[in-house]
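Nothing in this text is a laboratory measurement; each read-out follows from the coordinates by a stated rule. Keep in mind it's a predicted model, so treat the numbers as computed, not measured. Every residue, glycine among them, receives a Cβ derived from its backbone with ideal geometry; neighbour counts consider all protein chains shown.
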Amino acid sequence: MRLAEVKTVEQQSVLVLHRTRALLIKHRTRMANTIRAHLAESGIAEGIGRMGLHRLIDIIVAGEDDRITEVVRRAMMSLVEQYRLLQDQILDLDRQVMAWHRSSDASKRLATIPGIGPLAASARIASVGNASNFKNGRSFAAFIGLVPKQSSSGGKERLGKISKRGDNYLRWLLVVGSLAVIRYAQRHGTRRPWLLKLLQRRTTKIAAVAMANRWRGSPGF
């Protein structure tokens, strides 16, 4: 029986930062979508992304658009204040995560891997700690759910999609980091010929999962 490694108080503290940040981001997204939806009912819409949302917020704050009644504006101002508060709280948590990252030699070493930033590095250290607890990189990949499902019988191996079991948050950070590396490679090129060949045969998301799986064999991962 392979037992889980007990986390230190410091690891638990950093995980609380990450989980709180993730929850606040979900709330911020819901708040932004609510603002967009209510204004769309009044025939007011802007482009996708943060800049479009900020233009909508400016319209609400200015209060000069006749399509927005005073009753609607008061209600929308409550949403705007909530959105801004969440934004400030997320930025504060970002600063705390960055401060811890800079104080951790192990986290800084992990951040030298392309696509692995302070968030992914600190989350990896907080979630796993000493990676030597795993037999090999494949075991770590299974821990975060980056291995394919197996439906094998009678000596036949049948591999499906990735299992998506294990540490969902850490897996998400690695895949997002992979997507950033792939976007850069598509625009500026890369010294990773295997990645270019993979992108010719598979979709971007499949290539991102493959790259995230490849990282589990990197030093420290």
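Things to note:
- Å³ per residue enclosed by the Cα convex hull of region 105-221: 114 Å³
- In nm, spacing of pseudo-spin labels at Val16 and Arg84 (7 Å Cα→C-beta vector): 2.9 nm
- Entry note, region 105-221: relative contact order of 30 percent, from Cα contacts under 8 Å with a spacing of 6+ residues.
- Dimensions of the chain from C-alpha coordinates, computed as largest minus smallest value along each principal axis and given longest first, are 69, 44, 39 Å.
- Of Gln87, Gln96, Gln150, the one that fluctuates the most in a GNM where the chain has Cα springs shorter than 10 Å: Gln150
- Structural descriptor for the chain: relative contact order 19 percent, calculated from alpha carbon pairs under 8 angstrom and at least 6 residues apart.
- Glu5-Thr204 FRET efficiency (beta carbon distance; Förster radius 25 Å; 0.05 resolution): 0.15
- Net charge contributed by nearby residues that have their C-beta within less than 15 Å of Asp58 (K/R +1, D/E -1): +2
- Distance between the pseudo-spin-label points of Val61 and Thr34 (7 Å out from Cα toward the beta carbon): 1.9 nm.
- Full-stretch length increase - Asn130, Arg50 - with 0.36 nm per residue and alpha-carbon distance subtracted: 25.0 nm
- Using a Gaussian network model of the chain in which every pair of alpha carbons under 10 angstrom is joined by a spring, one finds that among Val209, Val61, Val181 the greatest mean-square fluctuation is at Val61.
- In a reduced charge model with +1 at each Lys and Arg Cβ and -1 at each Asp and Glu Cβ, region 11-96 shows a dipole moment near 480 debye about its Cα centre.
- Dipole of the chain [Lys/Arg +1, Asp/Glu -1 at C-beta], most positive-end residue of Val97, Leu85, Leu198: Leu198
- Cross-link table Lys7/Lys135; Lys164/Lys205; Lys26/Lys205; Lys161/Lys205, entries beyond 20 Å C-alpha to C-alpha: Lys26/Lys205
- Value of [θ]222 nm, deg cm²/dmol, for the chain, DSSP H segments ≥ 4, -39500 (n - 2.57) each, nearest 500: -22000 deg cm²/dmol
- For region 143-207, the equivalent ellipsoid derived from the Cα gyration tensor has semi-axes of 27, 17, 7 Å, listed largest first.
- Degrees between helix 118-128 axis and first principal axis of the chain (Cα, 0 to 90, nearest 10): 50 degrees
- Counting every C-alpha pair in region 99-159, the share spaced more than 18 angstrom apart comes to 49%.
- Amide H contacts under 5 Å for Lys149, placed H, 5+ residues apart: Gly160, Lys161, Ile162, Ser163
- Per residue, the convex hull spanned by the alpha carbons of region 1-106 comes to 150 Å³.
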